[in-house]
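Before any comments, here is the structure.
A short reminder: the numbers here are calculations on the coordinates, not readings from a lab. These figures come from a predicted structure and were not determined experimentally. Heads up, the Cβs are rebuilt from the backbone with ideal geometry, glycines too, and the neighbour counts pull from every protein chain shown.
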Ligand SMILES: [Mn+2]
C-alpha cells in the first residue's frame, strides 16, 4: 500500500475534515481521533475536524467537533475512516469537500473516495492509520492522545486480540502505541466500567434467558424492561454478548423492544445465520446478523426457525427456509 498520495494530500490542504460512520464504535472514534492527533501534532497550523455522532462512552478519546459553517468544507480535504459505503457516513457534508479519501478495512462495495486506502484483511482501521504513521517515522508525529485513540480502536475491533486476523503487525503496532504513551489501564477502565443500571439489567438477562430443545439461547428485553432499568436501547442491544459462549448453545438471540419494532440480534459460533435473518427481511454476516419484527407475536416463529436451524446443523442436514412474514 503506497501512502504517498495520502501524505501529499494532507500536506496540500489547510483544512481537513475526518468523517466516521453512523452509530460509531471504538474503531471509528479511535481512527478519527488518532488521525486528527497525527495531523495536528505534525502540522500544527492546519485545521482538523472530526465528524460523526457523539458517543458519551467514547469521549475519553476526544470529542467530535461541532462545525456549523458549511463553507469550511468547500476548500477542505475529506478523509473518511472505517466506513464501507457512502450511505453510512454520518455527516453528509462529506459531499461538500473538494477531495475525498477513504481509509477502511471493510469488504469493498463502494469506492467512494477520489483515493481509496482499503485493506480488507487488517483487523481495524486504527491499525491502518498506524501503518500510515509508521511508514513515515521521520516525518509524522503523534502524542499519547493519538496513541490512546489508536490502541482503543485496535482492541475494540479485535475484542482484545481475540479474533483471527490478529497477527505480528497487530501486536507490533500495539506495542509501539504503548511506547508512544497509550495507557492500557486507563483505556481498559474507560471501556469496561458500566453503570449500575446496566449491571442490574445483565442479571435480568441471565435470570430470564431461555434455551430451546436443540440449543438456541435467547432473552427478551421489552420496552417496559428497558424503561424500568433506565438504559438506552443501544445499551440493551449490546447485551447480546451475555448469551455467547454457552457450550450447549451454538446460536443465541437477543430480542429488543424498540419503540416501533422488535429488533433481533442473532449470533452464532456454529451454523451460518444470515439466511435466517434474511428470511425475516434482515441481514448481516454469517455469524452475526439482525432483523426487525413488527411485534412480539412474531418472536415465537423466529425462535422456532432458529431451533430448527440448530437441529439441522447438529444432525448435519441442510437447512432450508422460505421468506417469512415479519
Ligand atoms: Mn472497524
Neighbour-count order for 249, 81, 193, 28, fewest beta carbons within 10 angstrom listed first: 193, 249, 28, 81
Whether the range 142-221 is rounded, prolate or oblate, judged on the alpha carbon gyration tensor where a/c under 1.5 counts as rounded: oblate
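Can you sort 297, 134 from fewest to most other Cβ atoms within 10 Å of each residue's own Cβ?
In order of increasing Cβ crowding within 10 Å: 297, 134.
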What relative contact order, as a whole-number percentage, does the chain give when Cα pairs under 8 Å and 6 or more residues apart are counted? 12 percent
Once Rh is set to the Kirkwood radius over Cα pairs, what Stokes-Einstein translational diffusion coefficient, in µm²/s, holds for the chain at a temperature of 25 °C and a viscosity of 0.890 mPa s? 115 µm²/s
Prolate/oblate/rounded call for the range 4-192, Cα gyration tensor, a/c under 1.5 rounded: rounded
Assign one of three labels to the range 35-112, namely rounded, prolate or oblate, based on the Cα gyration tensor with a ≥ b ≥ c the square roots of its eigenvalues; rounded applies when a/c is under 1.5, prolate when it is not and a/b is larger than b/c, and oblate otherwise. rounded
What's the angle, to the nearest 10 degrees (0 to 90), between helix 26-42's Cα axis and the longest principal axis of the chain? 0 degrees
In what order do 151, 313 fall by count of nearby beta-carbon atoms within 10 Å, going from fewest to most? 313, 151
The range 1-153: relative contact order from alpha carbon pairs under 8 Å, six or more residues apart, as a whole percent, is 30 percent
So how far, in whole Å, is the C-alpha centre of the range 52-117 from the one of the range 288-311? 35 Å
